[in-house]
Amino acid sequence: MPRFALIALITSLALAACGSTITITLPDGARSSKSALPAGYAKLLSPAEHAFRFSADGEPVRRGGRSERFELRDGDCGGGDCGNPWARAEIREEADTVKARLGQDIWYGWSFHNATIASGTRDASLGTVLGQWKLDGATPAVFRIVQTPLGSGDWSKCDPRVCTPGGAANEDVVVHLDDISTARNWGPAKNSGNICRLFSLDAQRGRWVDIVVNTNFSPDDNGYLRVWVNGQLKCNYYGPLISDAKARKGDVGPSHRRGIFASSTRRFTETRPGAPRPTLIAFYDEFLVGETRGDVDTAAREKSSARPKD
């Protein structure tokens, strides 16, 4: 019997004798504890055991020994989600660990692996969010990385002061400035706040996508948001990111959320009555926050032989 399995068995037997049982998380990620989460994060309205765990042997890992696995199934809900047309398998950065500050430069980097999420048309859309940055309260996200229906938006006519030009028609994962577009009523001329295309979920199925974000969460024209995908600059926005009303609440920046968030299930339910929603599975790895690109860029860290996050 392997050494770690023997330790797990002995520990489980000992605790069972005391009327308690636990699940051991092995160092190779072969098995995850029900409560195991990344440091500084908590589950967000995602009570299902399958909503989050660390990867098992044979599952995708970008670097190191394990990745984060998220799964959203039909019928999953928790808290206020259960009475609304949305559902999630998502974790949230806890308030006392947030490093972002309004108006200050900050870098994020991570790798994303799409296992089962398909591109689709508007009638099947779930508005699947794959990452978002939010201030406290039930308010629009400052920005979010979201799946849009194929063919949606008018990218050729979008105001170039807002939208980054380029991108292919099948690139359905985009950056959406939710808060500022809502506050300023951005319409079709500003693509309703969808400011850049990042990549295609179908084209990248089964592959790791390396993402780097540089921003400063500013409420004025000094703001910026730049996003690189696999080393290519895909988003290059300069301008406000946070509405004035939100900025007055304090200088602590938005907390980060990642996983799978079906932000609107109504259209799917209406066009497919009685049909189960598809099971959505994705992996994340090497999520880092830093002061420079070198602190967070997965590919650059790999090239320099920097230690994996785990």
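Values quoted throughout were computed directly from the atomic coordinates according to the rules given, and no laboratory measurement underlies them. Remember, it's a predicted structure, so these values are computed and weren't measured experimentally. Every residue, glycine as well, gets a Cβ built from its backbone with ideal geometry; the counts of neighbours run over all protein chains shown.
Odds and ends about this structure:
- Distance (nanometres) between label positions extended 7 Å along Cα→Cβ at D154 and R122: 1.3 nm
- Sum of side-chain charges, R226 neighbourhood, beta-carbon under 12 Å (Lys, Arg +1; Asp, Glu -1): +1
- Helix-only CD estimate at 222 nm, as mean residue ellipticity for the chain, using -39500 (n - 2.57) per DSSP H run (n ≥ 4): -3500 deg cm²/dmol
- Residue among G137, G166, G187 with the largest mean-square fluctuation in a Gaussian network model of the chain, springs linking Cα atoms under 10 Å: G137
- Dipole of the chain, positive end: most advanced residue of N194, P273, S263 [Cβ charges, Cα centre]: P273
- Crossing angle, helix 3-17 versus the chain [Cα axis fit, 0-90 degrees, rounded to tens]: 80 degrees
- Residue of R53, R88, R267 that the Gaussian network model of the chain assigns the largest fluctuation, springs spanning Cα pairs under 10 Å: R267
- Computed from point charges on the beta carbon alone (+1 for Lys and Arg, -1 for Asp and Glu), the dipole magnitude for region 166-310 about its Cα centre is near 400 Debye.
- In a simple Cβ point-charge model (Lys, Arg +1; Asp, Glu -1; nothing else charged), region 135-190 has a dipole of about 200 debye relative to its Cα centre.
- Amide H contacts of G120 (H built 1.01 Å from N, under 5 Å, at least 5 apart or other chain): L150
- Rounded to the nearest 20, the Cβ-based charge dipole of the chain about its Cα centre (Lys and Arg +1, Asp and Glu -1) stands at 180 debye.
- Per-residue 3J(HN,Hα) values for region 86-95, derived from phi via the Karplus relation 6.51 cos²θ - 1.76 cosθ + 1.60 with θ = phi - 60°, read 8, 7, 8, 10, 8, 10, 10, 5, 6, 4 Hz in sequence order (x marks Gly and Pro).
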